[in-house]
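So the structure is just underneath, and the comments pick up after that.
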Amino acid sequence: MLKEMNQKTDCMQQRGGLQALPGGPRTNLAMPISDAPRIESNVTLKNGLVVTIRDLRTDDRDAIARAVAGLEAETIYTRLFGYRRITATEIDRIMRVDAAHELAFVAAIGTPPTHQIIGSCRSVELETKSSRRAAEAAFVVEEDYQGLGIAGRLFDHLVHVARSRGIADLRGDVLASNQSMLRVVRRSGLPTRFRHDGATVHLIISLT
């Protein structure tokens, strides 16, 4: 479900959807999720299902663990570019957010403790040499709910909040075969640089 970007960014993905670029995240240690004001919205998907897009919360751990356990091997491969299972230690890492430099959102159905997390995204601010602040981003959507617009909703939510925090660029990698995630980026209308490198597309998405 999640990929560690130098142990900093972890997120569930949309079949290889926007994966974090290696290297460059700030070195602040991640802290437990705080009780800071929450940002959330209810959205209706293409099939009529109402989903809540909101911040990752402390009471999401069990739902995150269930979501990870249910991911198919292909999704793990396209997110991590390799086959392996996510450990309990990595789930603990997912549940730790550096509020100063990270954003973590989930798409959830129902309410804790029996709620289901069907998608998520995360960004981590990078150290950059320019005045433009940038963040690495990653997404994942549970297989049974792909194609319903969840990745687009998460993307829009992340863009809105990241922009409000002064982030100028989002960066990430997408498998070239993952046309659904590439369509999400193109349909956003945001200026984007696409650089192809074999089976991977490197993206820099301008928010300003």
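Please work out which one of (1) under 23 Å from residue 52 (Cα atoms); (2) buried (at least 21 other Cβ atoms within 10 Å of the Cβ); (3) in contact (Cβ under 8 Å) with a residue 60 or more places away in the chain is the condition residue 172 fails and give its number.
Going through (1) under 23 Å from residue 52 (Cα atoms); (2) buried (at least 21 other Cβ atoms within 10 Å of the Cβ); (3) in contact (Cβ under 8 Å) with a residue 60 or more places away in the chain one by one, residue 172 breaks only (1).
Filter segment 127-173 down to residues that are of a type in the set (A, V, I, L, M, F, W, C) and in a loop (DSSP other than H, G, I, E, B), then give me how many there are.
Matching residues across segment 127-173 total 3.
For segment 28-82, how many residues are farther than 13 Å from residue 104 by Cβ, β-branched (Val, Ile, Thr) and modelled with pLDDT of 90 or more?
Step one: of segment 28-82, the residues farther than 13 Å from residue 104 by Cβ are 28-29, 35, 37, 41-52, 59, 62-63, 65-82.
Right, trim to β-branched (Val, Ile, Thr) and you get 43-44, 50-52, 68, 75-76, 78.
Retained after the next criterion (residues that are modelled with pLDDT of 90 or more): 43-44, 50-52.
Total meeting the criteria: 5.
Given the criteria part of a strand (DSSP E or B) and of a type outside the set (Gly, Ala, Ser), does residue 190 qualify?
No: the conditions fail for residue 190.
Could you give me the residue pairs with C-beta distances under 9 Å whose first residue belongs to segment 89-112 and is without any contact (Cβ under 8 Å) to a residue 12 or more places away in the chain, whose second residue is surrounded by fewer than 23 Cβ atoms within 10 Å (Cβ to Cβ) and assigned to a strand (DSSP E or B) wherever it lies, and which are 6+ apart or on separate chains?
Within 9 Å, the pairs are 110/52; 110/116; 111/52.
Under 6 Å between Cβ atoms, which residue pairs at least 6 apart in sequence (or on different chains) link something in segment 143-156 that is crowded, with 24+ Cβ neighbours inside 10 Å with a partner that is among the β-branched types (Val, Ile, Thr) and not in a helix (DSSP H, G or I)?
Partner pairs satisfying both residue conditions: 150/141; 151/141.
Quick one: which residue in 86, 94 is crowded, with 21+ Cβ neighbours inside 10 Å, under 13 Å from residue 61 (Cα atoms) and among the β-branched types (Val, Ile, Thr)?
Of 86, 94, the one residue that is crowded, with 21+ Cβ neighbours inside 10 Å, under 13 Å from residue 61 (Cα atoms) and among the β-branched types (Val, Ile, Thr) is 94.
Go through 171, 163 for me and flag whichever is closer than 26 Å to residue 44 by Cα and at pLDDT 95 or above.
One residue alone meets the criteria, 163.
Looking at (1) of a type in the set (Val, Ile, Thr); (2) in contact with a helix residue (DSSP H, G or I) (Cβ under 8 Å, 6 or more places away or on another chain); (3) not in a loop (DSSP other than H, G, I, E, B), which is the one condition that is false for residue 208?
(3)
The values are calculated or read from the model by the stated rules, or taken from the named source; none is laboratory data. This structure is a prediction, so every number in the text was calculated from the model and none was measured. Positions of Cβ are generated from backbone atoms using ideal geometry, with glycine treated the same way; all protein chains shown enter the neighbour counts.
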